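Read the structure below first, then the notes.
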Amino acid sequence: QFLEVSSAAWAASAAPLSMRSAVPPARGPYRGTICFFSKVVPQMNWQDLAKSAKAAGFGGIDLTVRGHGHVDPKNAAEDLPKAVEAIRAEGLEVPMITTNLLTADHPTSVPILSTAQKLHIPYLKPGYYRFKFTDLRKEAEEFSEQFKGLVELAAKYQVQVGFHNDANFFGAQTWDLDRVMQTLDPRWAGYYWDIENGTITGGGDGWRNDAWLAMSRMKMVGAKDFYWAKNEQGEWRVKGCPIGQGMCNFKKFLPMLAEANFQGPISLHMEYEVPGASVPEGLAISREKCDEVMAAAKQNLDTLKAMVHAAYEGA
């Protein structure tokens, strides 16, 4: 017993201070912007969107500049400034826009990027590269070159591109894009990493490897939650839910962001059915139900803010 106690005491005294301390080192606060992703209320005009998001407690808007979004990409040069002006008039930021851009030569690429530069919008989310499942390696190479060309164009307009890891497309896992990403200037090319999609594709703790790989180039973060559930046919499907009620391990992920001193925008998504207001994927809801959606958004935001504070500054 004496030898065991002595050995344990010696090991404790010889351990580095960082290992001996029971209290983790204090981190600085999160100074970025938690944004409301405008996708779920496409029928709201810009003024109502801004007022509702501000009332809920958001600091900014992740604005959709794509089909069926808040700004028609074909009219971006004219309408994006108007939308941003309306949002900023309420004291909110527009640190990022969500687009469907895939290539540098698309007719809307230059108008969107040049307008974003004029409006000092620093971050842009591109669209999704869909596999045809004929020759995945060849398709991946083509997608990588298209993304590379888009980033090079964006760099000319000083807009940072964050690649979104959607579970249904190329780049679902960071490894898919890593080779080409390493050839691109980190000032303009990085990741818009989504913990839900990372957990869907990585399962268990596999998402941590993916998040770690993306961390040095983390531009934006997507926040939403889910769990697996069987449908009426007995098939397992993704079931969206409020933040903190699903499988996504925010208690492990957010401290990773804090350790990396991530200060980019966090976009809060809502891809689940809100009680009293159906919000199925890709469909609009009636105007009278927007209040219910924004009330649910506030609840999600309050939960997220508390978790971010605990990760960055301690509970």
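The values are calculated or read from the model by the stated rules, or taken from the named source; none is laboratory data. A quick note: this is a predicted structure, and the numbers were derived from the prediction, not measured. FYI the Cβ positions are ideal-geometry reconstructions off the backbone, even for glycines, and counts take in every protein chain you see. Surface areas here come from the heavy atoms of the whole protein model, side chains and all, with no ligands, DNA or RNA. Shrake-Rupley method; radii C 1.70, N 1.55, O 1.52, S 1.80 Å.
General observations
- Residue 107, sole failed condition from (1) open to solvent by 10 Å² or more (accessible area, probe 1.4 Å); (2) within 24 Å of residue 243 (Cβ to Cβ); (3) not polar (S, T, N, Q): (2)
- Qualifying residue in the stretch 98-115 (condition: within 20 Å of the chain's Cα centre (by Cα), modelled with pLDDT of 95 or more and charged (D, E, K, R)): no
- Residues of the stretch 115-165 classified as of a type in the set (D, E, K, R), under 18 Å from residue 94 (Cα atoms) and not in a helix (DSSP H, G or I), total: 1
- Residue list for the stretch 136-150, restricted to those being among the acidic types (Asp, Glu) and open to solvent by 70 Å² or more (accessible area, probe 1.4 Å): 141, 142, 145
Table: residues versus (1) closer than 24 Å to residue 218 by Cβ; (2) touching a Phe, Trp or Tyr at 6+ places or on another chain (Cβ under 8 Å); (3) open to solvent by 10 Å² or more (accessible area, probe 1.4 Å).
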site	(1), (2), (3)
55	no, no, yes
60	yes, yes, no
76	no, no, no
93	yes, no, yes
114	no, yes, yes
119	yes, no, yes
122	yes, no, yes
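Residue by residue, here is whether (1) closer than 17 Å to residue 269 by Cβ; (2) assigned to a loop (DSSP other than H, G, I, E, B); (3) charged (D, E, K, R) holds:
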{"site": "175", "(1), (2), (3)": "no, no, no"}
{"site": "178", "(1), (2), (3)": "no, no, yes"}
{"site": "193", "(1), (2), (3)": "yes, no, no"}
{"site": "210", "(1), (2), (3)": "no, no, yes"}
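- Pairs meeting the criteria (first residue in the stretch 283-308 and within 27 Å of residue 252 (Cα to Cα) and open to solvent by less than 50 Å² (accessible area, probe 1.4 Å), second residue modelled with pLDDT under 90 and not in a helix (DSSP H, G or I), beta carbons under 6 Å, at least 6 apart or on different chains) are 296/274.
- Selected residue (criterion: nearest to residue 310 (Cα to Cα)) from residues of the stretch 208-230 that are open to solvent by 30 Å² or more (accessible area, probe 1.4 Å) and charged (D, E, K, R): 208
- Residue 133 vs. criteria more than 19 Å from the chain's Cα centre (by Cα) and of a type outside the set (D, E, K, R): yes
- Residue tally, condition open to solvent by 60 Å² or more (accessible area, probe 1.4 Å) and not in a loop (DSSP other than H, G, I, E, B), over the stretch 231-279: 7
Each row is one residue, and each column tells you yes or no for (1) within 17 Å of residue 256 (Cβ to Cβ); (2) open to solvent by 20 Å² or more (accessible area, probe 1.4 Å); (3) at pLDDT 95 or above.
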| site | (1), (2), (3) |
| --- | --- |
| 152 | no, yes, yes |
| 158 | no, yes, yes |
| 167 | no, yes, no |
| 180 | no, no, no |
| 194 | yes, no, yes |
| 203 | no, yes, no |
| 206 | yes, yes, no |
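- Index of the failed condition, residue 292 passing every other in (1) more than 27 Å from residue 121 (Cβ to Cβ); (2) part of a loop (DSSP other than H, G, I, E, B); (3) modelled with pLDDT under 95: (2)
- Test: residue in the stretch 57-69 that is within 19 Å of residue 270 (Cβ to Cβ) and either among the hydroxyl-bearing types (Ser, Thr, Tyr) or over 22 Å from the mean Cα position of the chain (by Cα) (or both): yes
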